[in-house]
1. How about region 142-164: which of its residues are of a type in the set (D, E, K, R) and modelled with pLDDT of 90 or more?
2. From the set of residues in region 158-173 that are in contact (Cβ under 8 Å) with a residue 60 or more places away in the chain, assigned to a helix (DSSP H, G or I) and of a type outside the set (D, E, K, R), which is nearest to residue 102 (Cα to Cα)?
3. Within the set of pairs 6 or more residues apart or between chains, which connect a residue that is among the aliphatic types (A, V, I, L, M) inside region 26-45 to a residue that is modelled with pLDDT of 80 or more with Cβ atoms less than 7 Å apart?
4. Find the helices (runs of 4 or more DSSP H) located wholly in region 55-125 whose residues include 1 or more that are touching a residue at least 60 places away in the same chain (Cβ under 8 Å), and list them.
5. Criterion first (buried (at least 17 other Cβ atoms within 10 Å of the Cβ), part of a strand (DSSP E or B) and in contact with a helix residue (DSSP H, G or I) (Cβ under 8 Å, 6 or more places away or on another chain)) does residue 285 satisfy it?
6. Given the condition out of contact with any helix residue (DSSP H, G or I) (no Cβ under 7 Å at 6 or more places or on another chain), in a strand (DSSP E or B) and surrounded by fewer than 15 Cβ atoms within 10 Å (Cβ to Cβ), answer yes or no: does some residue in region 274-282 qualify?
7. So which residues in region 230-266 are among the hydroxyl-bearing types (Ser, Thr, Tyr) and more than 19 Å from residue 195 (Cβ to Cβ)?
8. Pick from 50, 61: which is under 30 Å from residue 123 (Cβ atoms), at pLDDT 80 or above and in contact with a Lys or Arg (Cβ under 8 Å, 6 or more places away or on another chain)?
Amino acid sequence: MKKLVLVAVAAVVVFGSCKKSGPSASLKSEVDTISYELGMLNSNGLKQYLADRVGIDTTSLDDFYKGLMEAANAGDNKKKAAYFAGIQIGQQIATQMYAGINHQLFGEDSVHTISMRNFLSGFIAASNGKAVFNMDSVQKEIQGHMERFRAANLANTYAENKAACEKYIADKEALADVKKLPNGTLYRVIKEGKGKIPADSSVVEVNYVGKTIDGKEFDSSVKNNDGKPIEIHVNGMIPGWIDALTHMPEGSKWELYIPQDQAYGDREAGEIKPFSALVFELELVKVK
């Protein structure tokens with residue numbers, strides 16, 4: 001429905017545009033007037049849409065109107081309709097699909113991109129039944145290919161952060177007052193409680209402050225919840241938290257040193273870079 005409305009919006013706006021961009025209005029009848037007025041009403045928000053969603057600013061509007069006139073006047077000409085459909089889908093590939101895939105594979109790295117030539121080659125070949133690979137095989141394998149490729153690129157991009165975090169965890173592990181949990185998370189006891197220990201299926205109330213290894217605070221229930229404990233499901237948390245909470249007596253307060261593979265791994269989470277070790281001051285207030 002939205003696409004049809006957008007086409008109507010774009011088509012009629014030409015008649016209200018300057019003479020250079022499209023035909024001038026001919027208001028000889030009531031229908032002419034209604035047509036013009038409908039065009040005016042439907043033009044609301046078009047420039048903003050073009051700027052925000054398509055990247056077209058006011059300096060390119062004449063070219064937009066020219067292409068729009070050609071498409072609108074094509075009528076039921078199948079060849080022209082196919083050509084303009086190709087332009088529309090091609091623009092969606094360039095501005096949405098291509099950019100999205102590059103971000104998925106390379107993150108914020110704008111230097112590396114997939115090959116547009118090979119992307120279009122595979123796109124067109126598959127659509128006309130002449131692809132090099134079998135579609136069923138590609139559907140089964142592509143996610144694995146992309147994950148491995150993405151992981152390798154992330155490991156290279158964030159190698160320095162990964163090395164620093166691994167050293168941080170190794171240094172903490174060497175301290176006499178730091179203990180290690182079964183899955184690798186380290187902890188230092190600030191206060192040892194005497195209550196019951198949660199299961200991974202438990203609901204608990206906790207206070208916490210989260211920091212990166214450089215001491216930068218990225219989250220805090222103390223600040224975000226007016227100093228009151230928050231309620232969480234243990235098994236809904238990152239692995240390092242689950243490991244800690246299922247060994248932590250109620251009433252305890254620990255400082256956790258969580259290796260990257262027990263935190264977010266190669267994922268980026270807000271301010272947290274991929275392969276980041278995390279530090280939490282975690283207090284188990286109540287097992288519900």
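1. The first filter runs over region 142-164 and keeps only residues of a type in the set (D, E, K, R), leaving 147-148, 150, 160, 162.
Matches in region 142-164: 160, 162.
2. Looking at the filtered set, the residue picked out is 161.
3. Every condition considered, the pairs that remain are 27/33; 27/36.
4. Details: elements: 61-72, 78-92, 98-106.
Where helices (runs of 4 or more DSSP H) fall fully within region 55-125 and carry at least 1 residues being touching a residue at least 60 places away in the same chain (Cβ under 8 Å), they are 61-72.
5. no
6. no
7. In the first step, residues of region 230-266 are kept if they are among the hydroxyl-bearing types (Ser, Thr, Tyr); the result is 246, 252, 257, 264.
The answer is 257, 264.
8. On the way: 50 fails: in contact with a Lys or Arg (Cβ under 8 Å, 6 or more places away or on another chain).
The unique qualifying residue is 61.
The values are calculated or read from the model by the stated rules, or taken from the named source; none is laboratory data. These numbers were taken from a predicted model, which means no experiment stands behind them. Positions of Cβ are backbone-derived with ideal geometry, glycine not excepted, and every protein chain shown enters the neighbour counts.
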